[in-house]
Amino acid sequence: MVEHVGSTNPECVLDIRGLTKSFGTNVVLDGVSLTVERGKTVCLLGPSGSGKSTLLRCVNFLEKPDQGSIYLSGRRIGMREGGVIPMSTSELAQARARIGMVFQHFNLWPHLTVLQNLIEAPIHVQRRSRDEVVAEAEMLLERVGLTDKKDVFPNRLSGGQKQRVGIARALAMKPELLLFDEPTSALDPELVGEVVAVMKTLAEGGSTMLVVTHEMGFARETANEVVLMDGGRVVEKGQPSEFFTNPKTDRARQFLQRYVSA
Amino acid sequence: MVEHVGSTNPECVLDIRGLTKSFGTNVVLDGVSLTVERGKTVCLLGPSGSGKSTLLRCVNFLEKPDQGSIYLSGRRIGMREGGVIPMSTSELAQARARIGMVFQHFNLWPHLTVLQNLIEAPIHVQRRSRDEVVAEAEMLLERVGLTDKKDVFPNRLSGGQKQRVGIARALAMKPELLLFDEPTSALDPELVGEVVAVMKTLAEGGSTMLVVTHEMGFARETANEVVLMDGGRVVEKGQPSEFFTNPKTDRARQFLQRYVSA
Amino acid sequence: MTTAAFLSLLQGAGVTLVLSGAGIALGVPLGLLLGLIRWGRVPVLSPIVMVYVSLLRSTPAVTLCLLIFFAIPTMGIDIGPWTASVLTLGLNTAAFNCEIWRSGLNNFSPDQLEAARSFGMTPALRFRRIIFPQLWRACLPGLVNEMTLLIKSSPAIAVVGVVEITRAATRIGAQTYDPLPPMLVATGIYIVLIVVFVGLQRLTERLYGQAGAAA
Amino acid sequence: ATLAEIKARGYMIVATEDDYKPFEFMEDGKPTGFDNELLAEFRKTVPFEIRQEVIPWTGLLAGVSTGKYDVAVTAAMITKERVKSLDFSMPIADSTHYYAKRKGDDSIKEIKDLAGKTVGVQAGSAQLEKLPELEAMLAKTGGKLGKVVQYTSYPEAYQDLALKRVDFVVNTIINLRSLTKDKPDTFEIGQAVSGQTVPAWAVAKGNTELLALINSFMAEQRKSGNILKLQEKWLGQAFPDLPETYQP
Amino acid sequence: MTRDFGVVWEHADRLVEGLLNTIILTLVGASLALLIGSLVAILLMSSSRPVRLISQGIVDLMRCIPFLMLAYLAYYGLPSLGLNLDNWTAGLFAIVVYNTAYMAEIMRSIWIGLGRESIEAATAFGFRGPRLYTRIIFPQIFLAASPMIGNQLIQIIKDTAFLTIIAVPELTHAASSIQSQYFVPFAAFIAAVLIYWALCMLVEAGVFVVERLAEVRR
Ligand SMILES: Nc1ncnc2c1ncn2[C@@H]1O[C@H](COP(=O)(O)OP(=O)(O)OP(=O)(O)O)[C@@H](O)[C@H]1O
Ligand SMILES: Nc1ncnc2c1ncn2[C@@H]1O[C@H](COP(=O)(O)OP(=O)(O)OP(=O)(O)O)[C@@H](O)[C@H]1O
Ligand SMILES: [Mg+2]
Ligand SMILES: [Mg+2]
């Protein structure tokens, strides 16, 4: 396949082309291509070890891909235009600041309060004015229903609250794209609901999101597209309505089986 | 209610009567009564914070109850007969050795191999002969399908394997009663199955089990009785067939709702 | 430097090694005992240990040695220079070791302790079979660090007339009016002594590294 | 211990130093020097055993005053402060203070050149106490005492003198003579910077009988002229005119 | 004994002067050791193997050399290489070089246990270089390491006492000069111990405060 330059579709926020990544001899991503359009939510499903997390980590270059290219709103990530010279660390940092990431284990900064977690990167990475950022962060906290936890340290929060802070922290960067890596799988069943609810309002509010999840309910109801990965490849893509009721591949049928019995 | 002495039913392995426990002003258990008969499996359900873990911890006196009494096969636990004088630490240790416990986070001893984890307490607490215990432990490992991991340290095991070791370790004490505290909720969805399968064979093999779990499938298929707790009280008890299809209380209906959508 | 001078330095090295070894043999278990008292919040004893640790950590070894050697005999207990030296090094290092053991105990996994309790282990058995086998590995770097500091602070005991490495070097310097060469040789000997301890630590870490990782 | 106690238990404990050349120092691991040879003579005259402890200066006088050791067999300068808690024997030498300078340092030719120059002495020593006398001498010629650097022991001070970190070192003539004998190319002795000062052995305050025993031994040594020979041998000069007692 | 303490009291000004010098040495030495130690800790955690091995080697060497010897060599040894430091500079140099090694090792041991999560999140949010260290990594290290850093600060306070051998007039120097000049064997040292104890309690109080800060975040 010839690699075309730049994005053909101006509505494409994320455009991943032929991504390959191995750890030693273990091929974890094997030519993955994927696009996410502006305002759309794509759910990435797949069994453990299929490379979902690695894919997300490649998107913001926490892992360096072996081959393939990634474009964020038409601009190449990790490499300078042309794809030969790697970005400098400062260019990379600026590029990363355009992507918000929400982690399975929240990864909040334990030494900072909830509000400080939100304003840390906007002030020190994006160098925006403190007053503006604080005002915005307070609005975000209201949106995720945590205004009263503003000055509390993360250790005092329940898992669900932590993850809502994690989401607000990602939003505070005003990112063009939001990445979620299993945002609910470290939560008690009780607490999943509150986080899923926040994600739904985001999706409906027009955020562009790429979500790795085991929450089939969320994928079915909210995603614009569902992508199933297995063994480092995309095995099936489709509308959720199609995918869940009438999967095309055996692998997808097999995968969905597991969730029906629960 | 007048507290009656001793157990009236000789088939009763665990008999909890009017258990009360507070942390500070927070009343966590508020007069819980519960029995588990020989060879039966009771599932304890309930939302987070309803006191399930605290109840289990009271059973083997890891927490001291404020009021109420617990009988294991007719013998009082934690207190000497009469219920006024507390047991000495060595009496308590002997009583605890009659109860096997399986933890959410496995709590294996990392400095001991799998086999050593199994034989540690039987040899040093129950003072049984090493040869006998080792032979038995090897049989148990076969039963949970981990014979080949015998000499491996726990950090080399997957979550599911760790939990199977945890179960084998509890069985090695030949306990009269097995307690499980959310044995699968720290596991990836992939790995839940293998642990549930082991628990099912135990239940069918005649072990007496009290299981706190969020796995509704297990409760429905395996439990002889289901107990729903909320706010430190038992709100509904019943046969699983009854409970899941036709719950009597609003609280139970509400609780079950959450699991249907998933 | 003459051969005789060099030999006297080696002899000093022997003295340093023996006294430091005795100090460590006294201070490490004593520190563990003190650490357990603090960790277990044993009433009455725990605050006493706290003051002991605070005071001994801040007392320079020379001062402690002089006090032990000259002040204790006025209470009618006769004490020789070697006993005083071992007591000085041991009591001092015990205070630091108490803190090292204590932080190890504080960080010990409550989950594992709970498992041990629920399996009917008595406190003594828990300590012997579950805590200690893991604790010493976790504390080893800190303890060895403290052992290196103990060896280095051992010149203090020279005030009571024990001729260890530094004193032997000083004597040579005083005789020749040229203190630098013996000091250099002494430094070399210290490095050799301490490298042995650090190397033993690294070796133990490597041997037990795999089994010691958390489950 | 008192003489009676010493006789009862059969031995006496003396303390000597190990880095105070030429009075006491170690040669090939054995104590030697002026005091050690004098001690050997003393050993011959007493009816009990003498045990010797070799310790640094820091704890030495403290050990004698607390009774850990019976006699300080060292050249302890008799000073006002020390006589408050110790009793001193007959003086064993004359150790008037001189200054030593780097060989060939032309900026110092006489006492008045010392004004404003940096001086090294041992911390807490009798020598330190003599500095006011030097200050007084300098004042007469309108000079002032320069910076004073205190060392834990003299070898370091000499080292710094050679390294030009101090300009002169004040010590007793005896010590300085021993120094220049060993390092004639590096150091040289200047003039006296104090009045007469004498060192002696010391016992705990009030231990009169023991002191009397020591003094009778010393008198014996003076009479036989033996002590002069030892002084000649170790200190480079005999002191025949030492006083019987000395009040600081 | 009371007479002895009287003598010490009369010369309290010398103790105070020594104390001031001890405090200056400790403050300057500790700040520099912490600062440089942080930089060395970054080298110890470098992804480049040679950088790691070399910095590890230097740190281990420093931990093997007795402080006294280091001070001695800096003062009497360096002049033979043509570097003539005065006793203050040499003393500070020794304190800083020596404690930098211990501080760096302490910070490394905490850093290893810090967990990748918060650092990875910071990288994903565009933190890098100095900001990553000053905003995310070191605040957490200092919170977690306060008991051990406190231990080392106490070591620094006590290490300053060794500088008496190169004639830096710190507290022990003052105490031993009073004790041998006026012959008050214990009183001077007991006074010094009490002052050292007070200093160490200041450190302990600081550690206590930081530990409370860490605890509400743990
Ligand atoms: N840093 C790494 N070094 C080596 N192998 C790695 C690394 N990160 C991931 N892997 C391997 O890559 C494979 C894919 O991992 P990845 O975490 O992307 O899977 P996943 O689909 O996210 O799984 P899960 O659902 O368990 O999170 C696994 O086999 C894993 O062991
Ligand atoms: N040691 C303790 N000290 C103070 N409060 C405690 C303690 N242990 C538990 N609690 C409180 O007791 C209540 C019940 O806790 P418990 O762990 O028994 O609930 P649970 O039903 O097991 O919940 P989950 O499903 O989250 O495990 C909670 O509010 C909890 O905060
Ligand atoms: Mg993953
Ligand atoms: Mg629980």
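The values are calculated or read from the model by the stated rules, or taken from the named source; none is laboratory data. Predicted, not measured: the structure shown is a model, and the values here were computed from it. Cβ coordinates were reconstructed from backbone atoms using ideal geometry, including for glycine residues, and neighbour counts include every protein chain displayed. All accessible areas refer to the heavy atoms of the entire protein, side chains included, with ligands and DNA or RNA removed. Shrake-Rupley method; radii C 1.70, N 1.55, O 1.52, S 1.80 Å.
Regarding E:Leu132, is this residue within 10 Å of another protein chain (Cβ to nearest Cβ), touching a residue at least 60 places away in the same chain (Cβ under 8 Å) and surrounded by fewer than 23 Cβ atoms within 10 Å (Cβ to Cβ)? Spelling it out, it is not the case that E:Leu132 is within 10 Å of another protein chain (Cβ to nearest Cβ), touching a residue at least 60 places away in the same chain (Cβ under 8 Å) and surrounded by fewer than 23 Cβ atoms within 10 Å (Cβ to Cβ).
Please go through segment E:151-203 and pick out each residue that is within 14 Å of chain D (Cβ to nearest Cβ) and of a type in the set (Asp, Glu). Answer for segment E:151-203, where residues must be within 14 Å of chain D (Cβ to nearest Cβ) and of a type in the set (Asp, Glu): just E:Glu170. Summed over segment B:53-62, the residues that are more than 12 Å from B:Lys21 (Cβ to Cβ) and near ligand 4 (Cβ under 9 Å from one of its atoms) give a count of 0.
Test A:Glu138 against the stated conditions and say whether it is away from chain E (no Cβ under 12 Å), assigned to a helix (DSSP H, G or I), closer than 28 Å to E:Arg128 by Cβ and open to solvent by 20 Å² or more (accessible area, probe 1.4 Å). Yes, satisfied.
Checking every residue in segment E:73-93 against the condition of being among the polar types (S, T, N, Q), in contact with a helix residue (DSSP H, G or I) (Cβ under 6 Å, 6 or more places away or on another chain) and under 19 Å from D:Leu163 (Cβ atoms) gives at least one match. Among the residues making up segment A:160-177, those that are more than 16 Å from ligand 2 (Cβ to nearest atom) and in contact with a Leu (Cβ under 7 Å, 6 or more places away or on another chain) are A:Arg164, A:Val165, A:Gly166, A:Ala168, A:Arg169, A:Ala170, A:Leu171, A:Ala172, A:Glu176, A:Leu177. When B:Leu146 is tested against (1) modelled with pLDDT of 90 or more; (2) within 16 Å of ligand 2 (Cβ to nearest atom), only condition (2) is not met. The set of residues in segment E:116-144 that are at pLDDT below 85 and out of contact with any helix residue (DSSP H, G or I) (no Cβ under 9 Å at 6 or more places or on another chain) comprises E:Arg116, E:Glu117.
Residues considered: C:Glu99, C:Glu146. Of these, the only one that is more than 14 Å from chain D (Cβ to nearest Cβ), assigned to a helix (DSSP H, G or I) and in contact with a Pro (Cβ under 8 Å, 6 or more places away or on another chain) is C:Glu99.
C:Ser109 fulfils the conditions (1) open to solvent by 10 Å² or more (accessible area, probe 1.4 Å); (2) more than 19 Å from B:Pro154 (Cα to Cα); (3) within 9 Å of chain B (Cβ to nearest Cβ) except for a single criterion, (2). Taking (1) away from every other protein chain (no Cβ under 14 Å); (2) closer than 10 Å to A:Val42 by Cα; (3) more than 14 Å from ligand 1 (Cβ to nearest atom) in turn, A:Ala219 satisfies each apart from (1). The residues of segment A:193-216 that are within 16 Å of ligand 1 (Cβ to nearest atom) and under 25 Å from B:His214 (Cα atoms), listed by number, are A:Val211, A:Val212, A:Thr213, A:His214, A:Glu215, A:Met216.
The single condition from (1) within 23 Å of E:Glu204 (Cβ to Cβ); (2) modelled with pLDDT under 90; (3) in contact with a helix residue (DSSP H, G or I) (Cβ under 7 Å, 6 or more places away or on another chain) that C:Thr88 fails is (2). Restricting attention to segment A:164-191, the residues that are open to solvent by 10 Å² or more (accessible area, probe 1.4 Å), within 16 Å of ligand 3 (Cβ to nearest atom) and either away from chain B (no Cβ under 14 Å) or not in a loop (DSSP other than H, G, I, E, B) (or both) add up to 1. Just one of the listed residues (E:Ser80, E:Ser118) is in contact with a Leu (Cβ under 8 Å, 6 or more places away or on another chain), crowded, with 19+ Cβ neighbours inside 10 Å and at the interface with another protein chain (Cβ under 8 Å from one of its Cβ atoms), namely E:Ser118.
Tallying residues that are open to solvent by 20 Å² or more (accessible area, probe 1.4 Å) and in contact with a strand residue (DSSP E or B) (Cβ under 9 Å, 6 or more places away or on another chain) within segment D:55-82 yields 5.
Just a yes or no: is a residue in segment A:142-154 farther than 25 Å from B:Thr213 by Cα, touching a strand residue (DSSP E or B) at 6+ places or on another chain (Cβ under 7 Å), open to solvent by less than 30 Å² (accessible area, probe 1.4 Å) and outside any loop (DSSP other than H, G, I, E, B)? No; the residues of segment A:142-154 include none that is farther than 25 Å from B:Thr213 by Cα, touching a strand residue (DSSP E or B) at 6+ places or on another chain (Cβ under 7 Å), open to solvent by less than 30 Å² (accessible area, probe 1.4 Å) and outside any loop (DSSP other than H, G, I, E, B). A single member of A:Ile85, A:Ile99, A:Ile123, A:Ile77 is away from ligand 4 (no atom under 16 Å from the Cβ), free of Cβ contacts under 8 Å to residues at least 24 places away in the same chain and within 11 Å of chain E (Cβ to nearest Cβ), and it is A:Ile123.
Residues that are modelled with pLDDT under 90 and over 27 Å from B:Ile123 (Cα atoms): does segment C:91-101 have at least one? Scanning segment C:91-101 turns up at least one residue that is modelled with pLDDT under 90 and over 27 Å from B:Ile123 (Cα atoms).
Per-residue answers, yes or no, for (1) of a type in the set (Phe, Trp, Tyr); (2) at pLDDT below 90; (3) open to solvent by less than 40 Å² (accessible area, probe 1.4 Å):
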position	(1), (2), (3)
D:Asp160	no, yes, yes
D:Lys164	no, yes, no
D:Asp167	no, no, yes
D:Asp185	no, no, no
D:Ala192	no, yes, yes
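Taken over segment E:118-146, the residue count meeting the criterion of being among the small types (Gly, Ala, Ser), more than 24 Å from the chain's Cα centre (by Cα) and under 30 Å from E:Val203 (Cα atoms) is 1. The set of residues from segment D:103-146 being in a loop (DSSP other than H, G, I, E, B), within 11 Å of another protein chain (Cβ to nearest Cβ) and either open to solvent by 70 Å² or more (accessible area, probe 1.4 Å) or not hydroxyl-bearing (Ser, Thr, Tyr) (or both) comprises D:Ala123, D:Gly124. Look through segment A:103-120, keep the residues that are among the aromatic types (Phe, Trp, Tyr) and open to solvent by less than 20 Å² (accessible area, probe 1.4 Å), and return whichever of them is nearest to ligand 4 (Cβ to nearest atom). Here the residue is A:Phe103. Of the residues making up segment A:219-262, those that are in a helix (DSSP H, G or I) and basic (Lys, Arg) are A:Arg220, A:Arg251, A:Arg253, A:Arg258. Selection over segment E:12-51 of residues that are surrounded by 14 or more Cβ atoms within 10 Å (Cβ to Cβ), within 30 Å of E:Phe189 (Cβ to Cβ) and β-branched (Val, Ile, Thr) gives a count of 5. Among the residues of segment A:199-233, how many are away from ligand 3 (no atom under 16 Å from the Cβ) and crowded, with 19+ Cβ neighbours inside 10 Å? Of the residues in segment A:199-233, 12 are away from ligand 3 (no atom under 16 Å from the Cβ) and crowded, with 19+ Cβ neighbours inside 10 Å.
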